[in-house]
Protein chains: 2
Amino acid sequence: MREVAVVGVGMTKFGSSEKSNVELFAEAAMEAITESNLEPKDMQALFLGNVFGGFEEGQVTLSAFAAADIGVPYIPTTRFEGACASGSVAIRDAYIWVASGFYDIVLAGGTEKALAMGTPYATRTFAMGSDSRYEAPTGLTFPGVFAMMAHLYARKYGIPLEKLKERMALVAIKNHHNGTFHPKAHFRKEITIQDVYNSIKVAEPLQLYDCCPFSDGAAAVVLASAEKAKKLTDKPVYFAGVGQCSAPPLPNQKDITRIKAREASAKQAYDMAGLSPKDIDICELHDCFTIAEIAATESLGFFDFGEGSKGVEAGETQIGGRIPINPSGGLKARGHPIGATGAAQVYEIAKQLRGECGERQVEGAKVGMTDTLGADLCMVCNMIFKI
Amino acid sequence: MREVAVVGVGMTKFGSSEKSNVELFAEAAMEAITESNLEPKDMQALFLGNVFGGFEEGQVTLSAFAAADIGVPYIPTTRFEGACASGSVAIRDAYIWVASGFYDIVLAGGTEKALAMGTPYATRTFAMGSDSRYEAPTGLTFPGVFAMMAHLYARKYGIPLEKLKERMALVAIKNHHNGTFHPKAHFRKEITIQDVYNSIKVAEPLQLYDCCPFSDGAAAVVLASAEKAKKLTDKPVYFAGVGQCSAPPLPNQKDITRIKAREASAKQAYDMAGLSPKDIDICELHDCFTIAEIAATESLGFFDFGEGSKGVEAGETQIGGRIPINPSGGLKARGHPIGATGAAQVYEIAKQLRGECGERQVEGAKVGMTDTLGADLCMVCNMIFKI
């Protein structure tokens, strides 16, 4: 297979939007295409991540209408759904179509109007990512799942719950801080530990500020063969490795403090790239809840198991730290329009590796990784990029 | 890219089922895996077509749970949505992962519980495949779209509507006849022209018997590299060509008697295969309505434009005719569990090319084609197979 590069990225402002999913994606796509020094007619195929278009707008088949909206209706288009990992899954799939030589230039990304659903309805639709037979009927939704993860993590590693809560709050504070530097972030405000503690309780030990928001938004990426990429841009960002793995329903997962699907997915990406965790300069990962970021940094190999929360406390995951995590603000502050999140991660990694991130720039970043987690910890996609 | 073959196929009985989407797919998958002389653990990835799992069962992320149900939870899995073409799109995508050399053996297919929704609800959810901004608000649903197609077709080619209705009825009669020989078909009963005429009017000139049913069901296919395939089976069925194309919303399509997305998709498949319509021995195509079959036979190149309905009358599309269309019974009689339909078409072509279809066998078939149409005539996928 041949080398593939990201030649352009785009995203809408994340937050609340009156635009449709198609319009949001078109906005992000046009930015990515323009940045690639290309035109819509150059796109040979479209790969679109979206989870709940049917519930948000009574609209499926979004990929076809997205292509039409940017003026290239007669190309192959496909919608991908892997819960919150949908955008990443779409991009990984786009990768193989270019790597194989079938296409030279394709458009991929995701779009979602999660906020448009309203919180109660969104919470219930999100829960459709859990098993409808054995889990959903118990009433467990995702905040509960990650609250359990926090309790189990604290017990497993002998960390007093109050200490873990403090470290979880530091994740939220860091990501909100990073988000202040991202012009397209959903939230651009600093928060304090008191803000976290004073926010409403969602599911013990998670306060509201331990949880990412529902967001509307879209992000898009143009992929090209390395040969084409070199002609289009001075700064191609190459795919080094990709990985993806699913998992069984939650009751069949033995230890949710370690997400086995993530460990398998990350290993695929590392092996393909010929790299190890110490080679990663920067990582955008799935901090849907603060405890999720801590657990992810361990499964991705940046910290030993049980050490992730200490790493946060030591500042190792800040911009300027040993392994900057979520310089974009992550799901917590940049926002979480679920089908778009993976594409927004690639947007950040591409911008970072090209040195275009201004105040949130991680100096000297040459290798970056994305990590997206979907549903009941049962859908993980990782991608490693290099310049 | 290397050659890829279908080494095993499976499908559930189509019709009404109390099984879940996951259970249906698992049943079809186990049949396909067993027929391939493989075990679930040999599957390296899973590609699943499904359109409305969220509406049918409050379940998304179906691909992960489907993998878990057959005992291989920790593999990459993805759900594909391209409206009624979802199963075909999933299989075409699986093809590239094997053709590229990334995987050697993968599982693909689709599942749907369309009938479980009930007709009024299903009609409305199906309409989510049309544009939610400009078309859905008019109240137009798919029977109306294809009724318009029939009127336009009759006018364009100067065929009296009553004559066209008669020829459309012959499509239904043929497909029901073929379906009587398919043990897994939704309907296995002969119908007469009087049955068609006496059935309720759905949308002039379409009677109920001009319309395919909503069905529950699943179908699955195991794909393998040619090298692996030769070791697994004496009868590998090779991919010769694949094509896919989208289209803009209906109001932006100039002439719906010719589906431009289909013409583009079929051309891709023919060009890749180095074949032309006259080389096709047998075709499973998207007869969601009887007029749809007639239009499809023209866009795929089996008849000149305007001649398709005469071909039906002349018996050219029957088993034993010049170009047998839908020997399985098609969507009309085999049934239409939307996300599974494309996979059921591949099931039929594989069985036909292997000479295993008993009373519905098309003698000497060596090259077969599938054709699946999704949504507002805006999602088409074609695949050509050969032995």
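Just the projected area, averaged over all directions, of the convex hull on the alpha carbon atoms of region A:239-385: how many nm²?
Result: a mean projected hull area of 7.8 nm².
Which of B:191, B:349, B:259 ends up with the largest GNM mean-square fluctuation for chain B, with Cα atoms connected below 10 Å?
Of B:191, B:349, B:259, the Gaussian network model singles out B:191 as fluctuating most.
Run the numbers on region B:230-252: which residues show a drop of 20 Å² or more in accessible area, chain on its own versus all protein chains together, using a 1.4 Å probe over heavy atoms?
Buried on complex formation: B:244, B:245, B:246, B:247, B:248, B:249.
Over all directions, the average projected area of the alpha-carbon convex hull for the protein assembly as shown comes to how many nm²?
Directional mean of the projected Cα hull area for the protein assembly as shown stands at 28.5 nm².
Which ³J(HN,Hα) values in Hz, rounded to whole numbers, follow from the phi angles of region B:257-273 under the Karplus curve 6.51 cos²θ - 1.76 cosθ + 1.60, where θ = phi - 60° and Gly and Pro get x?
The phi angles translate into 6, 10, 8, 4, 4, 5, 4, 5, 5, 5, 4, 4, 5, 4, 4, 5, 7 Hz.
Measure of size requested: the Rg and Dmax of chain B, with Cα atoms as the atom set and Å as the unit; please supply both.
19.0, 58
Over both sides of the A-B contact, add up the buried accessible area with a 1.4 Å probe and give it to the nearest 100 Å².
Counting both chains, the buried surface is close to 4700 Å².
Kindly state, as a whole number, the per residue volume in cubic angstrom of the convex hull around the alpha carbon atoms of region A:236-278. Before the final figure, lay out the partial values.
Values: hull volume 3.8 nm³, N = 43.
Residue-normalised Cα hull volume stands at 87 Å³.
Which order do you get for A:156, A:267, A:184 if you rank them by accessible area with a 1.4 Å probe, largest at the top? Kindly include the intermediate steps, with their values, before the conclusion.
Numbers: A:156 95, A:267 120, A:184 40 Å².
Of A:156, A:267, A:184, the descending order of accessible area is A:267, A:156, A:184.
Have a look at A:286, A:177, A:151 and tell me which one the Gaussian network model of chain A (Cα, springs below 10 Å) gives the largest fluctuation.
Per the Cα network of chain A with a 10 Å cutoff, A:151 tops the list.
Where both partners of a DSSP beta bridge lie in region A:258-387, what percent of those bridges are antiparallel, to the nearest 5?
65 percent
Show me, for region B:80-87, the HN-Hα J-couplings you get by feeding each phi into the Karplus relation (A = 6.51, B = -1.76, C = 1.60, θ = phi - 60°), rounded to Hz, glycine and proline as x.
Each residue of region B:80-87 in turn: 10, 10, x, 6, 5, 8, 4, x Hz.
Once you wrap a convex hull around the alpha carbon atoms of region B:12-79, what is its projected area averaged over all directions, in nm²?
So the mean shadow area of the Cα hull is 4.5 nm².
Which is farthest toward the positive dipole end of chain A among A:367, A:29, A:225, measuring Cα position about the Cα centre, with Cβ charges +1 (Lys, Arg) and -1 (Asp, Glu)?
Working it through, the farthest residue towards the positive pole turns out to be A:367.
How high is the FRET efficiency between residue B:192 and residue B:157 when r is their beta carbon distance and R₀ equals 25 Å, given to the nearest 0.05? Walk me through the numbers on the way to the answer.
Values: r = 26 Å, r/R0 = 1.04.
For R0 = 25 Å, the calculated efficiency reads 0.45.
Keeping all protein chains in position, work out how much accessible area residue A:255 exposes to a 1.4 Å probe, and write it in Å² to the nearest 10.
So the heavy atoms of residue A:255 present about 50 Å² to solvent.
Using only the C-alpha atoms of region A:1-43, find the volume of their convex hull and express it per residue in Å³.
98 Å³
Return the ratio Rg/(2.2 N^0.38 Å) for region B:84-192, where Rg is computed over Cα atoms only. Walk me through the numbers on the way to the answer.
On the way: Rg = 18.9 Å, N = 109, 2.2 N^0.38 = 13.1 Å.
Against the empirical 2.2 N^0.38 Å value, I get 1.45 for region B:84-192.
Taking only DSSP H segments of four or more residues, each worth -39500 (n - 2.57), what value at 222 nm results for chain A once the sum is divided by all its residues, to the nearest 500 deg cm²/dmol?
Per the formula, -11500 deg cm²/dmol.
Which of the residues in region B:56-77 show a loss of at least 50 Å² in accessible area from their chain by itself to the complete set of protein chains, at a probe of 1.4 Å?
For region B:56-77, once contacts with the other chains are taken into account, B:59, B:60, B:61, B:65, B:74, B:76 lose 50 Å² or more.
Please arrange B:230, B:201 by accessible surface area, largest first, computed with a 1.4 Å probe and ligands excluded. Please report the intermediate quantities before stating the final value.
Numbers: B:230 130, B:201 100 Å².
Order by accessible area, largest first: B:230, B:201.
For region A:158-280, what does the accessible surface come to per residue with a 1.4 Å probe? Please give it in Å².
Value returned for region A:158-280: 40 Å² of accessible area per residue.
Label-to-label distances across copies for residue B:356, with labels 7 Å out along Cα→Cβ, in nm, shortest first?
5.2
Taking a 1.4 Å probe, which of A:130, A:276 shows the most accessible area, and what order do the others take after it? Could the numbers behind the result be given before it?
Details: A:130 0, A:276 35 Å².
If we order A:130, A:276 from most to least accessible, we get A:276, A:130.
With a 1.4 Å probe and all protein chains left in place, how much accessible area per residue does region B:25-75 have, in Å²?
Result: 27 Å² per residue.
So how many Å³ per residue does the convex hull of the Cα atoms of region A:114-253 work out to?
181 Å³
Can you tell me what percent of all Cα-Cα pairs in region A:303-364 are more than 13 Å apart?
That fraction is 65 percent.
At residue B:162, label 7 Å along Cα→Cβ: distances to the other copies, nm, ascending?
Label point to label point, same position, other copies: 9.0 nm.
Rounded to whole Hz and in sequence order, give me ³J(HN,Hα) for region B:335-344 from the Karplus expression 6.51 cos²θ - 1.76 cosθ + 1.60, θ = phi - 60°, writing x for Gly and Pro.
Residue by residue, region B:335-344 yields x, 9, x, 3, x, 9, 4, x, 6, 5 Hz.
For chain B, with all protein chains present and a 1.4 Å probe, just round the carbon and sulfur fraction of the accessible area to a whole percent.
The computed percentage sits at 52.
What is the Cα radius of gyration of region B:259-309 over 2.2 N^0.38 Å, N being its residue count?
Working: Rg = 10.6 Å, N = 51, 2.2 N^0.38 = 9.8 Å.
The value comes to 1.08.
Can you pull the three principal axis extents for the Cα set of region B:1-135, in Å, largest first?
If we take the Cα atoms of region B:1-135, the spans are 43, 33, 24 Å.
Find every distance from the label point of residue A:315 to the corresponding label point in the other copies (7 Å from Cα along Cα→Cβ) and write them in nm, one decimal, shortest first.
Taking the point 7 Å beyond Cα along Cα→Cβ, the inter-copy spacings are 8.8 nm.
Pop out a list of residues from region B:119-146 that are at least 10 Å² less accessible with all the protein chains around than in their chain alone; 1.4 Å probe, no ligands or nucleic acids counted.
Residues of region B:119-146 that lose at least 10 Å² of accessible area once the other chains are added: B:128, B:129, B:131, B:132, B:133.
Under 8 Å for C-alpha pairs, at least 6 residues apart: give me the relative contact order for chain A, rounded to a whole percent.
Reported relative contact order: 26 percent.
Rank A:305, A:146, A:289 by mean-square fluctuation in a GNM of chain A with C-alpha springs under 10 angstrom and give only the top-ranked residue.
Residue with maximal mean-square fluctuation among A:305, A:146, A:289: A:305.
In a shell of Cβ-Cβ distance under 11 Å around residue B:217, excluding residue B:217 itself, what net charge do Lys and Arg (+1) and Asp and Glu (-1) give? Provide the component values of the computation, followed by the final result.
Values: positive: B:13, B:19, B:113, B:184, B:334; negative: B:27, B:112, B:216.
Local charge sum for residue B:217: +2.
Nearest to the axis that maps chain B onto chain A: list the chain B residue whose Cβ wins, with the distance in whole angstrom.
Minimum Cβ distance to the axis, with residue: B:100, 2.
The values are calculated or read from the model by the stated rules, or taken from the named source; none is laboratory data. What you are looking at is a predicted structure, and each value in this text was computed from that prediction instead of being measured. Positions of Cβ are generated from backbone atoms using ideal geometry, with glycine treated the same way; all protein chains shown enter the neighbour counts. Keep in mind that these areas ignore ligands, DNA and RNA; they rest on the heavy atoms of the full protein, side chains included. Shrake-Rupley method; radii C 1.70, N 1.55, O 1.52, S 1.80 Å.
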